[in-house]
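First up is the structure itself, then whatever we jot down about it.
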Amino acid sequence: MTRVGYIGLGTMGRPMAENLLADGYDPTVFDLRDEAVEALESQGANGAADVGEVAENAAIIFLSLPSPPVVEDVVAELKPALTPGSVVVDLSTSMPSVTEGIADELAEGGVDVLGAPVTGGRPGATDGTLTVMVGGEESALDQCRPVMESFANDIIHIGESPGDGDAVKLLRNYIAFVQYIAASEAVLLGQKSGLDPEPLLDVLDSADALGEPTSIFLPKKIEGEYDLGFGLGLMEKDLKLLTQYGEDNDAPLMLGNAVRQIVGYGTSDLGKDADNGKLHQYLKEMIHREDA
Ligand code: NAD
């Protein structure tokens, strides 16, 4: 069976590694947090002392890390221990140029890189139903696809350039985040004017006007179930990458920059570790200010 490794056992990484275990793989895992490694070890995974030990024991190494600089640091540590023919699959939401940079660097040693960000959140990672948007060589994806099927339903090859998956993920998040802010403001304004939010949400859903933010997230936010497993720090990071990606391509994103500022103010107020669901409450305090 293919020898696999997994680095970054947080909200997304831990359930994905558990799905690899459930499918009979014998992953070698590492995280800076000892307790995250121990939790996987207790389920049968091989805990590594450092990222080099993961590289020594795996032909396919998955990364699920908080930001592009962390990905670059981990890849720099991995590089001396990687063997030719192995593949590094970065599942983090990262920057196209960063993924292309690490791909160029590792190509010298005969190692392929796939930029493979995911969507579906913690529920998709737990149920093994994620969508993966893959940039990189099709042959490397063919090698990894059977393993990725342990945690993903849809594995979409976006293009041959390793950063192509990241580009699509940032654009997908742009739409989702703008819709979230717009839907949140719309429902709060409706409530303030005396509307019952439930039929409003029913109409928005039946008209399929907004999709994900209303059908999945907003009802939970209105009910006060704020732990959606995606921190404001990550949302802010994705918007920073998106607007930088827009600048890099000489494309001003007016809504994208406005949403980045709203999320930035919310993050300053609530903290990077606060769940992104709390943004609805933050907007409520502004929009419903006389009764907040
Ligand atoms: P997280 O913060 O829960 O997990 C990141 C993990 O990486 C942590 O366990 C941390 O200890 C570990 N880590 C940090 N630096 C490390 C290093 N140098 N070496 C080894 N381990 C290190 O984040 P998450 O929510 O799991 O997100 C991971 C990635 O997936 C991010 O890029 C995020 O944008 C993306 N993503 C998250 C979600 C979500 O719903 N949470 C959805 C889709 C994509």
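The values are calculated or read from the model by the stated rules, or taken from the named source; none is laboratory data. This is a predicted model, so every value here is computed, not measured. Virtual Cβ from ideal backbone geometry, glycine too; neighbours counted across all protein chains shown. The area values use the complete protein model at the heavy-atom level, side chains included, leaving out ligands, DNA and RNA. Shrake-Rupley method; radii C 1.70, N 1.55, O 1.52, S 1.80 Å.
Could you check, for the stretch 62-72, whether at least one of its residues is aromatic (Phe, Trp, Tyr) and over 23 Å from LEU234 (Cβ atoms)? Checking the stretch 62-72: not a single residue is aromatic (Phe, Trp, Tyr) and over 23 Å from LEU234 (Cβ atoms).
Name the residues in the stretch 136-174 that are more than 18 Å from SER67 (Cα to Cα) and within 16 Å of the ligand (Cβ to nearest atom), would you? Give the steps one after another, and end with the answer.
Kept after step one, since they are more than 18 Å from SER67 (Cα to Cα), are these residues of the stretch 136-174: 136-161.
Hits for the stretch 136-174 are MET148, PHE151, ALA152, ASN153, ASP154, ILE155, ILE156, ILE158.
Confirm whether GLU105 is away from the ligand (no atom under 13 Å from the Cβ) and of a type outside the set (S, T, N, Q). Answer is yes for this residue. For the residues GLY109, GLY135, the requirement of being surrounded by fewer than 19 Cβ atoms within 10 Å (Cβ to Cβ) and touching a helix residue (DSSP H, G or I) at 6+ places or on another chain (Cβ under 8 Å) singles out GLY109.
Is it fair to say GLY159 is closer than 25 Å to TYR245 by Cβ and at pLDDT 95 or above?
Working: closer than 25 Å to TYR245 by Cβ: yes; at pLDDT 95 or above: yes.
It is true that GLY159 is closer than 25 Å to TYR245 by Cβ and at pLDDT 95 or above.
Each row is one residue, and each column tells you yes or no for (1) within 21 Å of the chain's Cα centre (by Cα); (2) within 16 Å of the ligand (Cβ to nearest atom); (3) modelled with pLDDT of 85 or more; (4) in the same structural domain as ALA125 (by TED's automatic domain parsing).
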{"position": "LYS240", "(1), (2), (3), (4)": "yes, yes, yes, no"}
{"position": "ILE262", "(1), (2), (3), (4)": "yes, no, yes, no"}
{"position": "THR267", "(1), (2), (3), (4)": "yes, yes, yes, no"}
{"position": "GLY277", "(1), (2), (3), (4)": "yes, yes, no, no"}
{"position": "LEU283", "(1), (2), (3), (4)": "no, no, yes, no"}
{"position": "MET286", "(1), (2), (3), (4)": "no, no, yes, no"}
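For the stretch 57-80, filtered to residues that are over 23 Å from LEU20 (Cβ atoms) and near the ligand (Cβ under 9 Å from one of its atoms), the residue that is farthest from the chain's Cα centre (by Cα) is ASP73.
Checked against (1) in a helix (DSSP H, G or I); (2) out of contact with any helix residue (DSSP H, G or I) (no Cβ under 8 Å at 6 or more places or on another chain); (3) open to solvent by 60 Å² or more (accessible area, probe 1.4 Å); (4) not hydrophobic (A, V, I, L, M, F, W, C), GLY124 passes all but a single condition, namely (3).
Please go through the stretch 163-172 and give me each residue that is open to solvent by less than 10 Å² (accessible area, probe 1.4 Å) and either small (Gly, Ala, Ser) or closer than 17 Å to LEU279 by Cβ (or both), ordered by number. Within the stretch 163-172, GLY163, GLY165 qualify.
Return the residues of the stretch 24-55 that are buried (at least 16 other Cβ atoms within 10 Å of the Cβ), more than 9 Å from the ligand (Cβ to nearest atom) and not small (Gly, Ala, Ser); say none if nothing qualifies. Explain how you work it out, then say what you get.
Pass one, the stretch 24-55, residues buried (at least 16 other Cβ atoms within 10 Å of the Cβ): 25, 27-31, 36-37, 39-40, 45-48, 51-55.
Going one step further and asking which of them are more than 9 Å from the ligand (Cβ to nearest atom), we end up with 25, 27-29, 37, 39-40, 45-48, 52-55.
Passing the criteria: TYR25, PRO27, THR28, VAL29, VAL37, LEU40, ASN46, GLU53, VAL54.
Picking from THR2, THR119, THR83, which residue would you name as being of a type in the set (S, T, N, Q), near the ligand (Cβ under 9 Å from one of its atoms) and open to solvent by 10 Å² or more (accessible area, probe 1.4 Å)?
Of THR2, THR119, THR83, the one residue that is of a type in the set (S, T, N, Q), near the ligand (Cβ under 9 Å from one of its atoms) and open to solvent by 10 Å² or more (accessible area, probe 1.4 Å) is THR119.
Is there a residue in the stretch 262-271 that is in contact with a helix residue (DSSP H, G or I) (Cβ under 6 Å, 6 or more places away or on another chain) and in a loop (DSSP other than H, G, I, E, B)? Scanning the stretch 262-271, I find no residue that is in contact with a helix residue (DSSP H, G or I) (Cβ under 6 Å, 6 or more places away or on another chain) and in a loop (DSSP other than H, G, I, E, B), so the answer is no.
Contact map, the stretch 106-122: residues that are more than 12 Å from LYS79 (Cα to Cα) paired with residues that are near the ligand (Cβ under 6 Å from one of its atoms) and at pLDDT below 95, Cβ distance under 8 Å, separation 6+ or inter-chain. Pairs shown: GLY121/GLY229; GLY121/PHE230; ARG122/GLY229; ARG122/PHE230.
Quick test for you: out of SER42, SER64, pick the one residue that is among the hydroxyl-bearing types (Ser, Thr, Tyr) and in contact with a Ser or Thr (Cβ under 9 Å, 6 or more places away or on another chain). Walk me through how you get there before you give the answer.
Working: SER42 fails: in contact with a Ser or Thr (Cβ under 9 Å, 6 or more places away or on another chain).
Of SER42, SER64, the one residue that is among the hydroxyl-bearing types (Ser, Thr, Tyr) and in contact with a Ser or Thr (Cβ under 9 Å, 6 or more places away or on another chain) is SER64.
Just one of the listed residues (ALA258, ALA186, ALA209) is at pLDDT below 80, in a helix (DSSP H, G or I) and more than 19 Å from SER67 (Cα to Cα), namely ALA186.
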